[in-house]
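**Student:** The following block contains the structure, expressed as C-alpha cells.
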Amino acid sequence: MSTPADHSPPLNIAPADRPHRQDPGRFRALLAGLRQAPLSAWFGLVIVAVYVVVALFASVIAPYGEGQVVGSQFDPWTAQYLLGTDNLGRDTLSRLIYGARNTVGIAFLTTSLAFLIGGGAGLVAAVVGGWVDQALARLIDILMAVPQLIFALLLLTIFGASVTSLVSIIAVLDATRVFRLARAAGMNIAVMDYVEVARLRGEGLIWILSREVLPNILPPLVAEFGLRFCFVFLLISSLSFLGIGLQPPTADWGSMVRDNAILITYGDVTPLLPAAAIALLTVGVNFLVDWFLHETSGLDDET
Amino acid sequence: MGNIPKLIAKRLGLGIFVLWVVSLIIFLGVSLLPGDVATEILGQSALPETVAAFRHELGLDLPLHIRYVHWLGGLLKGDLGHSLANGRAVSQLIGERLGNTLFLAGVAACFSVPVSLLLGLLTALYRGSVFDRFTNAVTLTWISFPEFFVAYILIMFFSVQAGWFPSLSTMREGDSFTHSLYLVTLPALTLTLVVTAHMMRMTRAAIISVLGSPFIEMAKLKGIGQRRVIVWHALPNALAPIINVVVIDLAYLIVGVVVVEVVFVYPGLGQLMIDAVQRRDITVVQACSLIFAATYVLLNMFADVLAIATNPRLMYPK
C-alpha cells in the first residue's frame, strides 16, 4: 500500500495546536506541478472542466427542453436540429447536454455516497481494530466475492429500478472497494506515534479520524475517488443501456444509445455520440488520476 | 512441500463457505422482498384466496429456514424452480444458454490470453520505448470505453461498412461449429478488446514490479542479458500475479458477456438474465445470479490455488 512518506505532521502534543489539515505547501506544489503537467493531464483537466460546465448550465446551453418533442422521428442533422432527432422526435443535442447533468450527476452522487459509507467504515475499522475490524473485513470479503454487475442486477430486481434504489444499491456495492483501500491506508497511519499520542491525550474517535488519519491518506483516497467514479459511471451507463438504470423520460447517455441503436445499421453515427461522451469523460478522468497519482506518491513504475 | 496442500485446502474451504453465504444472500434478498411475490405476480386486484393458494403452490407459506433448505436441496439436485413469467423450468431455460455463454467467453479467452501476455511481456521488455508508451496510451484509453461503445464501433466498421460479419449473432440449434464461430466473431472480439487492455497492463506491472527486486539486480550484475533476466529470473516470480490476473479476467469475461450479449442479441445467459430482470421474474434472476456468482467465486478460488501452487517460495520447506 502507498505510505505517505513525505508529509507526516509533527507530533502535536498540546491540544491547542493547530492540526495540519492541509499542508499549504502541498497545494502550491500541486499547482506548480500542474504547470509542468504532461499533455495528457491537461487534456483530462480540460475535458472534466467542460463536462462540469455543460452539466451545471445544461438548461442554458441546450437549444430545446429535455423531454420536448420538437420534430419527427429520426430527423437527419440539420441547422435546426444540429444532431438530428431521436426515436421520439426529441432534439439529440439537447438530450446529450441534459444527459451530462443526469448521468454524470448521478454517478458523482453515487461515488460520494460510496466514499462516505466505505471510507468511514474503513477508517473506523483501521483505527478501532479488534473484532469490529475483523467482522467488517470478513463481511466485505464476502460481498466482494460476487461480481458487482450481477449483484446490482439482483438487487435492482428486488427493489425495482428507481433513481433512489439505483444510487443506494451501487453506492453500497462500491463502498466495499473503498472500504478496502481506506482500511489498508488507515492501518499504516493508525500505528503512528502521533495517533497514539492523540489517543493518550484523550481525543475522541471522530477527532482522531478527521484530524490525524484522514489528512494523511487523502492523496490515495482522492485518486481512488477518480477511479471509482469512472467505474460507477460505466456501471450506471451499462445498466441504463440494459434498460434497468435511469428510466425514461430522463435524458441519459446509456439509454440514448439503446433507444437509437437501430440507426447504426443504416451507417449513422449519431447513436455512438452518447457512448463517445461516456468514453471521453472516463478517459479524461483516468488521465487526470494517472497524473495525480504520479505527482502525489512519487511512485514511478520505471524502476 | 508440506504447507502447500494445507494452504490449498484452507482456500478451498473458504471458497465453499463464500459460495454458501452467497446462496444465503441471494435467497434472503429475494425472501425479504418488500411486498409479496404472489401479489406482485397476480396483481393488486387478485382475490385473497387466490393469493393464498398461489402462495401455497410456491411454498411461500412455509417458514423461512425450511424454504431455504428446500431451495438449497433443489439447487444441489439441479432443480432451480420455475419461471414466474411463463412457468417453465428454470434449469431448462438456462441449459442451452449457459453453453452458448461459455462458448462465447471461451472463444474470447482463446484470443485474449495469449495476445495480452505477449503484449505485457514485450512492453515490460521494451519499457519506456515508443512502442511501450503507445500501447500504454491505447490501452488506458480502451479501458475507459463502455463495452457497448466498443461493440457498436465494431458493428459500424465490420458489419455495416465492410459487411464481413453479421451485426446480430442469433445462434440456432444445429448450427455447425464453423458457422457458430463466424457468428460469434464480433461479440468475442468486443470482449477480447475490453479484457486484453486490463490483462496486458497487469502483466506488465507484475513483471516490472519483480524487476525491482534485489535478485534481479544481482542477475544483472552477474552480466546476464536483459532477455534472459526477464524470461528466466523475472517471469517465474511474476507467474503467480500473472495467473491471478488471467483467471480474474476470465471471471470478468463471464460477467462482461451480459452487456455484449444484449448488444448482439446473442442467446446466452446474460440476455436471459436481463430479460428476467426487466420482467422481475425473480426465480430466473436468482438462478442466473447464482450461476454467475458461483462461476466467479470458483474462478477466483482457482486463481488463488494456482498462485499458491506456483509460488516458488512455497516449494521448499523452511
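The values are calculated or read from the model by the stated rules, or taken from the named source; none is laboratory data. These numbers come from a predicted model, not from an experiment. Note that we place each Cβ from the backbone using ideal geometry, even for glycine, and neighbour counts take in every protein chain shown. Heavy atoms of the whole protein, side chains included, go into the accessibility calculation; ligands, DNA and RNA do not. Shrake-Rupley method; radii C 1.70, N 1.55, O 1.52, S 1.80 Å.
**Student:** Got a sec? Which of B:72, B:33, B:47 is in contact with a helix residue (DSSP H, G or I) (Cβ under 8 Å, 6 or more places away or on another chain) and either at pLDDT below 75 or open to solvent by 60 Å² or more (accessible area, probe 1.4 Å) (or both)?
**Tutor:** Of the residues listed, the single one that is in contact with a helix residue (DSSP H, G or I) (Cβ under 8 Å, 6 or more places away or on another chain) and either at pLDDT below 75 or open to solvent by 60 Å² or more (accessible area, probe 1.4 Å) (or both) is B:33.
**Student:** Moving on. Whether any residue in the stretch A:147-156 is among the small types (Gly, Ala, Ser), touching a residue at least 40 places away in the same chain (Cβ under 8 Å), over 30 Å from residue A:70 (Cα atoms) and crowded, with 23+ Cβ neighbours inside 10 Å is what I want to check.
**Tutor:** Yes, that holds for at least one residue.
**Student:** Run down A:250, A:265, A:296, A:270 and say which single residue is at pLDDT below 85 and within 10 Å of chain B (Cβ to nearest Cβ).
**Tutor:** A:265
**Student:** Further question on the same structure: Please specify each residue of the stretch B:252-270 satisfying the condition of being surrounded by fewer than 22 Cβ atoms within 10 Å (Cβ to Cβ), within 11 Å of chain A (Cβ to nearest Cβ) and touching a helix residue (DSSP H, G or I) at 6+ places or on another chain (Cβ under 6 Å).
**Tutor:** Within the stretch B:252-270, B:255 is the sole residue that qualifies.
**Student:** Among the helices (runs of 4 or more DSSP H) lying completely within the stretch A:116-228, list those that include at least 1 residues that are more than 13 Å from chain B (Cβ to nearest Cβ) and on the phi > 0 side of the Ramachandran plot.
**Tutor:** Output list reads A:130-144.
**Student:** Right, residue B:127: charged (D, E, K, R) and within 13 Å of chain A (Cβ to nearest Cβ) or not?
**Tutor:** So residue B:127 passes the test.
**Student:** Could you count how many residues in the stretch A:65-77 are open to solvent by 50 Å² or more (accessible area, probe 1.4 Å) and under 29 Å from the mean Cα position of the chain (by Cα)?
**Tutor:** 1
**Student:** Moving to a separate point now. Going by the conditions given, is residue B:139 modelled with pLDDT of 85 or more, open to solvent by less than 40 Å² (accessible area, probe 1.4 Å) and assigned to a helix (DSSP H, G or I)?
**Tutor:** No; evaluated as a whole, the condition is false for this residue.
**Student:** I've got another one for you. Can you work out which of the residues in the stretch B:142-184 that are aromatic (Phe, Trp, Tyr) and in a loop (DSSP other than H, G, I, E, B) is farthest from the other protein chains (Cβ to nearest Cβ)?
**Tutor:** The qualifying residue farthest from the other protein chains (Cβ to nearest Cβ) is B:164.
**Student:** How many of the residues making up the stretch B:246-270 are assigned to a helix (DSSP H, G or I), in contact with a Leu (Cβ under 7 Å, 6 or more places away or on another chain) and among the β-branched types (Val, Ile, Thr)?
**Tutor:** Within the stretch B:246-270, residues that are assigned to a helix (DSSP H, G or I), in contact with a Leu (Cβ under 7 Å, 6 or more places away or on another chain) and among the β-branched types (Val, Ile, Thr) number 7.
**Student:** Here's another thing I want to ask about it. Among the candidates B:213, B:169, B:209, single out the residue that is more than 27 Å from residue B:137 (Cα to Cα) and over 18 Å from the mean Cα position of the chain (by Cα).
**Tutor:** B:169
So that you can scan it fast, the table gives a plain yes or no per residue for (1) away from chain A (no Cβ under 13 Å); (2) at pLDDT below 80; (3) assigned to a helix (DSSP H, G or I):
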residue: B:192; (1), (2), (3): yes, no, yes
residue: B:205; (1), (2), (3): no, no, yes
residue: B:220; (1), (2), (3): no, no, yes
residue: B:233; (1), (2), (3): yes, no, yes
residue: B:240; (1), (2), (3): yes, yes, yes
residue: B:272; (1), (2), (3): no, no, yes
residue: B:275; (1), (2), (3): no, no, yes
residue: B:297; (1), (2), (3): no, no, yes
